[in-house]
Every structure is written in structure tokens, then in C-alpha cells.
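Everything below concerns the one structure shown next.
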Amino acid sequence: MSKKHNQLINFLSNQEQEYVPAVQIAEAIGVTDRTIRNYIKEINEKSNQISIVSSSEGYKLQTEDINMPIVNEAELEETLLDFEIVQFLMTRDDYTTYDEIADKFFYSPQTIRSRIQKLTMNMDKLGIDVAIDTKVFKGIMLVGTEIQKRVLLENLFTSISVKKEVYRDFLTKNFCNWVHEDVIESVLNLVEEINIKFDLNLEFLMYKKISVQLIIMISRIENGSHVAMELSEEMDFKDFKEFEVASAFCNGILQYVIVSESECIYLTNYLMSLHLDLEEPGVESKDRHTVKKIEQILFNIEQAYQVPTYSQKKFKSNILNHIYRIIYPVSHNLLIYNPFVKETKSEYFFSFSIASNIALKIEKEFNVEIHDSEIAYLAYHIQNIFEAQDKKRIKTIILYSRNYERTKLISSKIATYFNELEIYKIEKCSQDYAFQENCLYIGIDLAFTPETEKDVIMIQNGLHNGEIKKIRFFLESQNSIIERATIFWINENNPDQVIQHLLQSNQREQFIEAVMKREKMSYTSIGNLVAIPHPYSEMQEYKEEVIIGINQKAIEWGNELVQLIIIYLPSDDVERNEYIFTEFFQKTKNIKDVMKLVQMETKEEFIHCWNQI
């Protein structure tokens, strides 16, 4: 299948089995609706497992197994070739020509050269510190640490989609030139045994990753290629539960190789990068110097976001333990395993943003690189804090001119009707009354209208339906931010151009650097054609503002296509920011709604469409 065919299939697979009009599909992947109909005809003719059905409402995807990943045969072949090339290069200590590799795998030298160029780009995207060194007249050689070579090989192999029932044969076929078939059989049995013994609850992908790592380990040790794992004086890895699991694996392969202490520590850190389901994640004897650095990070985050990452012992302990455990694995660039990065980034977007700030501070303090997969784990911790806290209510002061007792009675009714209000005080209003910051005022039957810029809702004595609606309307208008947004219809080609265009058009050039800094930490695209750029926050005062851009076409934004851009300049109220990011997610989580929004041609149409979602 072609690339466009797969874009179409992947698009439909995300639509929750709902029909989508051809025009929406066409806009999403950048072709005409007539072309879409041709693509669908071709897909239905060529595929045995996939069919696209139509109705008066549009098209939807049907597969024999809707949970089965959709595999592009050409991409599968290319990934397998990448694996075979890396596997071959790992056995060579000198330079190898393209012709030698071409003869080995029965491809043309031009195809091999092209695949190696793409492989180099993919390694860079993954963040694996391995390179393919090229010398004229000599050829190519794989350079990098033994650890990174193993990580690369395992990642390439486990990214190949294969069903569980044929995995054993597939593994044997592709590693039989490295280890004997009996070794592979023994390793698979060992993984199943350890899984049961330690109650790991391994899902299939983790089962694949561990078994492949063990096979690679056995073969490489046999051939004299050992990992150089610098043992930490500060950290005693025997305190980690993963060390016990790693030791069990090492003892299980003793009949084939002698595993050094460095290899066992490497395996310990590798298991830590998988975030196994172990009962005792805490570490009792922590290095105090490392702990102090982490505590300072959590203190700074609390100061910047008013989220109790430091002051509340339970939250601090959980995040500290988590960060402490991942520092050493990431220092050796072991890719953190997390299959739910995309969902976390979109659904818990504000928590992910705070976690990105934590990650940046970890990188600076410990000289490591943190990827989105680990940021997502940090986001879980931040989200847990938000969900555990009672939502802060709006501090409200009741003002009156006369009859305190009657005012007190009405204030009790107001508190009953509106749970989000905290009646803080009841005070008599005078001409020289001093209004406080960050309070909502409700004036009951006042003799005059106060002259102030503060929020004051004027109601009558009886608290009838009209007065209740007035308060409710005010509260809802405070929560809604889109009405106050500025919207631009633009035609740009990349995220940098979009961000600069929108901020400059709204005279907010001073935020360009901060927004771009946030993008470098982790792209703010969340799927469904949406990105939510916002500034990297570092104790800076912001006035809440939304700038919306609707681009003429969808553009690449990280790993996603984006057409609706919502720039959010946050307030200094962390709960308000959480609310706004949650609203953005709720309003854009369905691609059909987003497709409607990007078709709006005026601000009034856009706001009306937004409010209907």
C-alpha cells in the first residue's frame, strides 16, 4: 500500500468506528474527495484484512480484528531490513562496503545506501546514540557504545509487528545465526518462569523486549563484546527490586555465559527503564546528594506552578522515588518504555506541560536527556496531585447597604445554589470601601453602584430565578475564554512560522522565545489536527490570553499533522490553567468536531461551533 493509503487507514482507525464524510478525510490527508474514493476502492481490492464501508454519512473502517495493528507490508520489509543490516554491522569490527551488504541481503547497492540514510534519520529521531560512520573507498561501520548498539537492535526488532503465536518461530529465524535454537527456547521459558515468580504481569511487547535483550546479551558476551557500565559509588543497585529480577535472569543463563557484575547492573537498569509492575518501588538507602538535587527541582516546580510537589510529603516522596530510579537508566540513554505517551500528552496536557518543565530541570542538573516517554510518567504524578486535591472555590465577599440579618440569610442561599463559591465575608458597602484582589463580590440590593474595576455582581434582595441566572451567567462567562480569543486565518508551512505569525499579529512578540523553548522540550501537538503552544513558565507573570490560528492546510508538527493552533498565554492561577487546558482537550478530542472548526470562516461562526461541541 502507498503512504497515502496508510494515512487514510490510520485516520479512519482513530474515528471510533464512526462514519466520516469524504471531504473531511480529504482535508485531513491533503487530497481531493474524488481521490479519496479512488484510494478506498484500491484498498478494498488489495487488502484481505481491511475493508472500508460506505453509507450516506461517509466511510468507516472495518477489520477482522479492530485491535490488530495495521501493518504496511513495504514498511515491515524495510524495518526488517534495517534490523538485519544493524545485526550484520554489529558483528563487524571494520568497515563494510555497500556492495558487501547488498550481496548479503540480495538488494541493490543503491537500495542499501538509501535504507542506511533513512536508518540514520530514524536513529536520530529515537535519540539512540549510535552512528553509521562512512569513509570513502572503505564503506561504513556502526559506531557507538555496546549498550546503545544493543538498545538499537532490540528496538528495531521489537518494532516489527508479529502475532504472539508465531513469535517463537520469528525470533528463531532472525537470531539463529547468533545463538542456537535451544538457547532461544530456553530464554523464552526463562522469561515466562521469571514473569510468574515475580508476578510481573508482562504484556506481550515487554515479553518481546526482555527476551530479545537476553538473547542479544548471550550472543554478545559469547563473542567478547561486553557493556562498559560505570558503576555508581552513590547508588547501590542491590537496593532496587529490579536487581533481584536481573540476578534471577543472569542465573538462568549461566549455562550459556558468565554474566559480569557490569552486565547484571546493565540488565537492572534496562528493567528499570521498562517500569515493571513491582511491589516495592521505593529505595530505602538513597544517596543524599542526589536526593537534595531532586528536592530542589520539586521545590522550584512548586514555586512556579503552585502545585504541592514539595510541601506535601506523599506527593514529594512518590515523585522523588520515581525520578531517583530513572536517573541512572536515562544517563545511559536506555529508552524508557511507555506505550501511552500520545494519550497522556493529549488528555493530561497541563500535567504534561509541568512534567516537561521537571524534565528540563533534570536534564540540566544531571546532564541526561529525557524523552516524551519519561515525561509522560512524570505527568501521571502531577495529574494524581490535581485529582487528589479538593478544587479551590472562588473566594466571595457579600456586600450590603442595610439589613445584615436578611443579607446573611440570602448569602446562605447563594452558597447552597453555587458550590463553587466560598462565602468569605459579609461586609457593609460604603463609598470608600476598599476592594481586595482576587475576590468575587456580590452586592445585594445596594443603594449605589460601587466605582471599581473589580468583579461585582449586583442582585436584588429576593434571589429570584433572574438573580440566580445572573450569577450563573457571570460564572460561566468567567470560565469561557474563547469569546475573548483572537482568531487568524493563516497559510504557513511549519510550526516556527505559525507561532511567530500568530504572536506577532497579536502584538505578543515578547512570548516567541518562551513558546519556542516549550516546543523544544516536547512538541505541543496533541493529535486530531490540534496543537496548543504555550510559554515555558518560569516564575513569570502572564495575563491570560488565547490566540487561535486556522491554517489553510495541515502541516507537520512533531509526529502529528496540525491545522488548528491554539496558543494559550496562561494566568497566574494554576487551577484556572488546568481548567482551560482540560476544556481545550474536551472540545478537540473528536476529529469530526475539529474538522468543523477549521472550516469556520468568521470568529462568530467559530465561537458558535465551539460552544455547540
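The values are calculated or read from the model by the stated rules, or taken from the named source; none is laboratory data. Bear in mind the structure is a predicted one, so any value in this text is a computation, not a measurement. Every residue, glycine as well, gets a Cβ built from its backbone with ideal geometry; the counts of neighbours run over all protein chains shown. The accessibility values were calculated without ligands, DNA or RNA, using every heavy atom of the protein model including side chains. Shrake-Rupley method; radii C 1.70, N 1.55, O 1.52, S 1.80 Å.
Remarks
- Note that the stretch 85-170 presents 53 Å² accessible area per residue, ligands and nucleic acids not counted, probe 1.4 Å.
- Cβ-defined net charge surrounding MET272, 10 Å radius [Lys, Arg +1; Asp, Glu -1]: +1
- Listed pairs LYS118/LYS517; LYS316/LYS454; LYS425/LYS470; LYS238/LYS293 exceeding 30 Å between Cα atoms: LYS316/LYS454
- Rounded, prolate or oblate (a/c below 1.5 giving rounded, otherwise prolate when a/b exceeds b/c) for the stretch 482-543 by Cα gyration tensor: rounded
- For the chain, the Cβ-based charge dipole about the Cα centre amounts to some 1460 debye (Lys, Arg positive; Asp, Glu negative; other atoms uncharged).
- Charge-dipole axis of the stretch 144-206 as Lys and Arg at +1 and Asp and Glu at -1 on Cβ define it, positive-most pick from LEU156, ASN177, LEU205: LEU156
- The mean of 1/r over all distinct Cα pairs in the stretch 196-326, once inverted, gives the Kirkwood hydrodynamic radius of 16.5 Å.
- Rounded to 10°, Cα long-axis angle of helix 313-331 versus longest principal axis of the chain: 30 degrees
- Ordering of 105-112, 209-216 by burial proxy (mean other Cβ atoms within 10 Å per residue, highest first): 209-216, 105-112
- Cα gyration tensor category, rounded, prolate or oblate, for the stretch 322-373 with a/c compared to 1.5: oblate
- Rg ratio (alpha-carbon, reference 2.2 N^0.38 Å) - the stretch 238-396: 1.15
- Using all pairs of distinct alpha-carbon atoms, the Kirkwood hydrodynamic radius of the stretch 510-613 works out to 14.3 angstrom.
- The stretch 163-240, relative contact order in percent, only Cα pairs under 8 angstrom and at least six apart counted: 29 percent
- Gyration tensor (Cα) of the chain, equivalent ellipsoid semi-axes in angstrom: 52, 32, 22
- Among LEU126, GLY58, MET516 - extreme Cα towards positive end, dipole of the chain, charges at beta-carbon: GLY58
- Accessible surface area normalised per residue over the stretch 481-526 is 50 Å², counting heavy atoms of protein chains with a 1.4 Å rolling probe.
- Within the shell of other residues whose beta carbon sits under 10 angstrom from the beta carbon of LYS342, the net charge comes to -3, with Lys and Arg scored +1 and Asp and Glu -1.
- Rounded accessible area of GLU347 (nearest 10 Å², 1.4 Å probe): 100 Å²
- Signed unit charges on C-beta, dipole axis of the stretch 263-343, positive-most listed residue ASN269, ASN333, SER317: SER317
- Radius 13 Å from Cβ of VAL546, net charge of other residues (Lys, Arg +1; Asp, Glu -1): +2
- Of the GluC sites (Glu not before Pro) found in the stretch 515-605, those in coil by DSSP whose Cβ has at most 13 other Cβ atoms within 10 Å are GLU538, GLU541, GLU601.
- Between PHE473 and ASP455, the modelled label-to-label distance comes to 1.7 nm, taking each label 7 Å out from Cα in the direction of the beta carbon.
- Lys, Arg +1 and Asp, Glu -1 on Cβ, resulting dipole of the stretch 353-416 about Cα centre, debye, nearest 20: 1000 debye
- Charged-residue dipole, Cβ positions (Lys, Arg, Asp, Glu), the stretch 357-516 about Cα centre, Debye nearest 20: 1100 debye
- Shape call, the stretch 151-271: gyration tensor on alpha carbons, a/c limit 1.5: prolate
- C-alpha center-to-center spacing [the stretch 568-613, the stretch 87-101] in angstrom: 53 Å
- Here the sum of -39500 (n - 2.57) over DSSP H runs of 4 or more residues, divided by the residues of the chain, equals -17000 deg cm²/dmol at 222 nm, to the nearest 500.
- Spatial separation of Cα centroids for the stretch 246-323 and the stretch 433-475, in angstrom: 52 Å
- HIS464 exposes around 130 Å² of accessible area when a 1.4 Å probe is run over every protein chain in place.
- Portion, in percent, of the accessible area of the chain that falls on carbon or sulfur, probe 1.4 Å: 45 percent
- Percent antiparallel among DSSP beta bridges (both partners in the chain, rounded to 5): 50 percent
- Within the stretch 283-335, GluC sites (Glu not before Pro) in DSSP loop having at most 10 other beta-carbon neighbours inside 10 Å: GLU284
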